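Each remark here refers to the structure printed beneath this line.
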Amino acid sequence: TELSHIRNFSIVAHIDHGKSTLADRLIQLTGTVAERDMKAQMLDAMDIERERGITIKANTVRIVYPAKDGETYVLNLIDTPGHVDFAYEVSRSMRAVEGSLLVVDATQGVEAQTLANVYQAIDADHEIVPVLNKIDLPAAEPDRVKEQIEDVIGIDASEAVPISAKTGIGIPDVLEAIVTRLPAPTGDRDAPLKAMLVDSWYDPYLGVVVMIRVMDGMIRKGDQVKMMQTGATYRLDKLAVLTPAMKDIPELGPGEIGVFTASIKQVRDTRVGDTITHEKKPCATPLAGFKPAQPVVFCGLFPVDANDFEALRDAIEKLALNDASFSYEMETSAALGFGFRCGFLGLLHLEVIRDRLEREYDLDLITTAPSVVFKLHMRDGEVRELHNPADMPDPTLIDHITEPRIKATIMVPDEYLGDVLKLCQDRRGIQMDLTYAGSRAMAVYDLPLAEVVFDFYDRLKSVTKGYASFDYQISEYREDHLVKMSILVNDEPVDALSIMVHRDRAESRGRVMVEKLKELIPRHMFKIPIQAAIGSRVIARETLSAMRKDVTAKCYGGDATRKKKLLEKQKAGKKKMRQFGKVEIPQAAFIQALKMD
Ligand code: GTP
């Protein structure tokens with residue numbers, strides 16, 4: 001296809017503002033999928049989605065559109081993952097297209113998550129077409145929302161397209177806007193091949209499917225290609241476009257988006273942002289901005305029932321096959337038995353994986369405190385990575401410890417700024433910049449990642465009523481006064497609860513943790529001391545008093561069925577418990593105890 005007849009775009013929207021409904025409409029209106037096939041094909045796409053889990057591209061599709069100017073255009077819609085842990089993947093998807101539709105629910109207005117992605121689109125120099133959705137609803141306020149887009153985001157919204165993705169109003173206008181307002185891609189057909197690896201996923205029938213955007217040159221089935229970052233070479237078995245079903249195509253040129261297969265075994269062998277070129281006639285330089293996926297947050301995952309270990313191993317191996325940014329190694333813990341130490345891109349990534357293990361594989365898991373990778377500079381000059389506070393060596397052997405710092409950008413309406421600044425301050429943040437755009441403030445902070453990994457998002461969301469956007473980049477490793485704090489329950493250390501903490505904050509963190517644990521651990525027949533300690537020095541202590549009477553006592557032995565029910569309930573509750581010496585600790589305590597409020 002000629003460059004002038006191609007338009008590539010993504011859709012930026014907050015969850016529930018109608019991104020999927022609009023994508024379906026665009027596909028339907030252009031007849032890409034015949035009405036009766038629509039359901040079946042969409043279901044296919046859903047299967048892929050389920051297989052793939054989080055970096056879903058089910059909305060990636062090539063649409064053929066006959067425009068009002070009498071010409072026929074090829075429109076490529078690329079779907080993007082929508083949250084901060086995948087900021088890098090989003091940035092690559094954005095570089096693969098020239099424009100974005102900004103879909104805003106006209107009954108709701110601009111929301112936090114929209115902002116982070118809009119800024120990614122602006123960063124990628126996109127032309128942005130605002131689209132006001134759900135105008136069929138009486139509560140829609142298109143004029144107010146237009147104004148808000150201009151104030152908050154700072155782009156012209158005077159020609160925003162009012163639509164209803166549900167009823168179909170305005171959809172033809174969206175298609176026309178894509179053709180007339182978004183720029184055509186540029187590129188050189190005769191130059192050596194230069195294509196960006198935008199995404200990849202595992203297909204049970206085809207193996208690894210790689211999605212690419214061609215920048216320069218031509219790619220054909222049978223070509224011998226090289227991935228410039230990994231150095232691996234492959235021969236293309238299949239070249240296709242997504243309609244959204246896969247449709248073979250003989251070649252793809254500049255500006256085009258498609259997928260190929262090449263007997264690639266695992267998703268790990270492909271790197272988002274890598275440059276694909278011909279082995280024989282390579283391009284001179286790879287595309288800028290490549291970053292290898294690097295897990296920054298680690299935690300332990302252990303089965304509640306030790307018999308589930310093999311099932312957990314199988315499930316983790318399956319998930320890892322399809323997710324290059326998830327890493328794991330076996331771990332043994334005195335308290336928790338056999339499990340895995342897993343690495344994630346961020347907290348949400350962690351949550352998604354844990355949820356999938358629990359829901360799809362039906363596993364009951366104990367998740368230990370998320371932790372970042374600390375670097376231990378030993379006295380003998382060696383530098384060790386600490387993935388797990390439980391592995392902390394004798395502190396006298398350590399010269400100093402460094403931790404990852406991030407540069408965090410937070411956008412927030414004026415009225416919540418004070419609370420946000422306080423939150424950042426409380427988490428050892430250093431303010432780097434503070435600017436205003438309309439009624440919104442943008443604060444840039446230098447923060448320790450360790451202080452952010454736990455419940456920073458939750459706190460930020462709650463102090464700003466969800467009206468803040470947050471984005472971060474790892475900046476550097478820096479020295480600080482970090483110590484390991486252990487928790488002892490009934491005089492036994494619970495290694496899953498040990499954390500690395502700043503020396504000046506150890507005492508207050510320790511006090512909060514023991515107080516929480518006192519609430520979270522049920523009473524036993526004996527007194528239980530709960531302590532926080534640095535080395536052998538106890539810095540906080542609570543005592544859980546002994547239980548007075550048997551739980552079944554209140555049944556007076558009379559009502560046998562009621563008594564049985566109560567015991568059954570207790571038994572079910574036990575499944576979620578873990579034994580430490582003589583004490584049973586509920587699973588929820590491991591997470592709850594670490595929250596910082
Ligand atoms: P996620 O898939 O969760 O990211 O959401 P999304 O942004 O893709 O939104 P989706 O298309 O799933 O729409 C969210 C809800 O809004 C659905 O219940 C839709 O039926 C509804 N919806 C979408 N567009 C319109 C519209 O124009 N009018 C009305 N009344 N409802 C709409």
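The values are calculated or read from the model by the stated rules, or taken from the named source; none is laboratory data. Treat the numbers as computed from the prediction; the structure is a model and nothing was measured. Positions of Cβ are generated from backbone atoms using ideal geometry, with glycine treated the same way; all protein chains shown enter the neighbour counts. Accessible surface areas use protein heavy atoms only, side chains included; no ligands, DNA or RNA. Shrake-Rupley method; radii C 1.70, N 1.55, O 1.52, S 1.80 Å.
Checking Pro162 against (1) open to solvent by less than 30 Å² (accessible area, probe 1.4 Å); (2) within 30 Å of Pro413 (Cα to Cα), only one condition comes out false. Which one?
The number of the failed condition is (1).
Within segment 404-439, can you find the residues that are touching a residue at least 24 places away in the same chain (Cβ under 8 Å), within 21 Å of Ser475 (Cβ to Cβ) and of a type in the set (Ser, Thr, Tyr)?
Thr409
Being open to solvent by 10 Å² or more (accessible area, probe 1.4 Å) and either touching a Leu at 6+ places or on another chain (Cβ under 7 Å) or not charged (D, E, K, R) (or both) is true for just one of Val352, Val372. Which residue is that?
Values: Val372 fails: open to solvent by 10 Å² or more (accessible area, probe 1.4 Å).
Selected residue: Val352, the only one of Val352, Val372 that is open to solvent by 10 Å² or more (accessible area, probe 1.4 Å) and either touching a Leu at 6+ places or on another chain (Cβ under 7 Å) or not charged (D, E, K, R) (or both).
Which residues, taken from segment 185-194, are part of a loop (DSSP other than H, G, I, E, B) and either of a type in the set (D, E, K, R) or open to solvent by less than 40 Å² (accessible area, probe 1.4 Å) (or both)? Talk me through it step by step, then tell me what you get.
Of all residues in segment 185-194, those part of a loop (DSSP other than H, G, I, E, B) come to 185-193.
Across segment 185-194, the qualifying residues are Pro185, Gly187, Asp188, Arg189, Asp190, Ala191, Leu193.
Hey, could you check segment 131-157 for residues that are open to solvent by 70 Å² or more (accessible area, probe 1.4 Å) and without any contact (Cβ under 8 Å) to a residue 60 or more places away in the chain and say which is farthest from Ile178 (Cα to Cα)?
Quick first cut of segment 131-157, residues open to solvent by 70 Å² or more (accessible area, probe 1.4 Å) only: 137-138, 141, 143-144, 147, 150-151, 156.
From what is left, the residues that are without any contact (Cβ under 8 Å) to a residue 60 or more places away in the chain are 137-138, 141, 143-144, 147, 150, 156.
Working: Leu137: 25, Pro138: 27, Glu141: 24, Asp143: 22, Arg144: 24, Glu147: 22, Glu150: 20, Asp156: 16 Å.
Result: Pro138.
Could you list, in sequence order, all residues of segment 396-420 that are open to solvent by 40 Å² or more (accessible area, probe 1.4 Å) and not in a strand (DSSP E or B)?
Those that are open to solvent by 40 Å² or more (accessible area, probe 1.4 Å) and not in a strand (DSSP E or B): Thr396, Leu397, Asp414, Glu415, Tyr416, Gly418, Asp419.
Return the residue satisfying two criteria in turn: it lies in segment 245-257 and is at pLDDT 95 or above and not β-branched (Val, Ile, Thr), and of such residues it is farthest from Asp223 (Cα to Cα).
The residue in question is Gly255.
Going residue by residue through segment 132-146, is there one that turns out to be in a helix (DSSP H, G or I) and aliphatic (A, V, I, L, M)? Explain how you work it out, then say what you get.
Taking segment 132-146 as the starting set, the residues that turn out to be in a helix (DSSP H, G or I) are 142-146.
If we keep only those that are aliphatic (A, V, I, L, M) as well, we get 145.
Yes, because at least one residue in segment 132-146 is in a helix (DSSP H, G or I) and aliphatic (A, V, I, L, M).
What is the residue count in segment 165-184 for residues that are closer than 19 Å to Glu256 by Cα and in a helix (DSSP H, G or I)?
Number satisfying all stated conditions: 5.
Ser325 fails exactly one of the following numbered conditions: (1) touching a Pro at 6+ places or on another chain (Cβ under 8 Å); (2) within 24 Å of Val272 (Cβ to Cβ); (3) outside any loop (DSSP other than H, G, I, E, B). What is the number of that condition?
(3)
Which residue out of Lys221, Lys265, Lys226 is of a type in the set (Lys, Arg) and under 27 Å from Val64 (Cα atoms)? Explain how you work it out, then say what you get.
Details: Lys265 fails: under 27 Å from Val64 (Cα atoms); Lys226 fails: under 27 Å from Val64 (Cα atoms).
After applying the criteria, what remains is Lys221.
Any residue in segment 2-23 that is free of Cβ contacts under 8 Å to residues at least 60 places away in the same chain and within 15 Å of Tyr65 (Cβ to Cβ) sitting within a Cβ distance under 7 Å of a residue that is more than 7 Å from the ligand (Cβ to nearest atom) and not in a strand (DSSP E or B)? List the pairs, counting only those 6 or more apart or interchain.
Going by the 7 Å Cβ cut-off, the qualifying pairs are Ala23/Asn59.
How many of the residues in segment 1-26 are within 19 Å of Ala184 (Cα to Cα), open to solvent by 20 Å² or more (accessible area, probe 1.4 Å) and either assigned to a helix (DSSP H, G or I) or within 13 Å of the ligand (Cβ to nearest atom) (or both)?
Going through segment 1-26 one residue at a time, the tally reaches 3.
Please enumerate the residues belonging to segment 158-181 that are more than 16 Å from the ligand (Cβ to nearest atom) and of a type in the set (S, T, N, Q).
Ser158, Thr180
So which strands (runs of 3 or more DSSP E) are wholly in segment 48-122 and hold at least 2 residues that are at pLDDT 95 or above, closer than 17 Å to Ile15 by Cα and open to solvent by less than 30 Å² (accessible area, probe 1.4 Å)?
On the way: elements: 61-66, 72-78, 99-105.
In segment 48-122, 99-105 are the strands (runs of 3 or more DSSP E) which contain 2 or more residues that are at pLDDT 95 or above, closer than 17 Å to Ile15 by Cα and open to solvent by less than 30 Å² (accessible area, probe 1.4 Å).
Is it fair to say Asp136 is in contact with a helix residue (DSSP H, G or I) (Cβ under 8 Å, 6 or more places away or on another chain), within 16 Å of the ligand (Cβ to nearest atom) and among the acidic types (Asp, Glu)?
Details: in contact with a helix residue (DSSP H, G or I) (Cβ under 8 Å, 6 or more places away or on another chain): no; within 16 Å of the ligand (Cβ to nearest atom): yes; among the acidic types (Asp, Glu): yes.
Answer is no for this residue.
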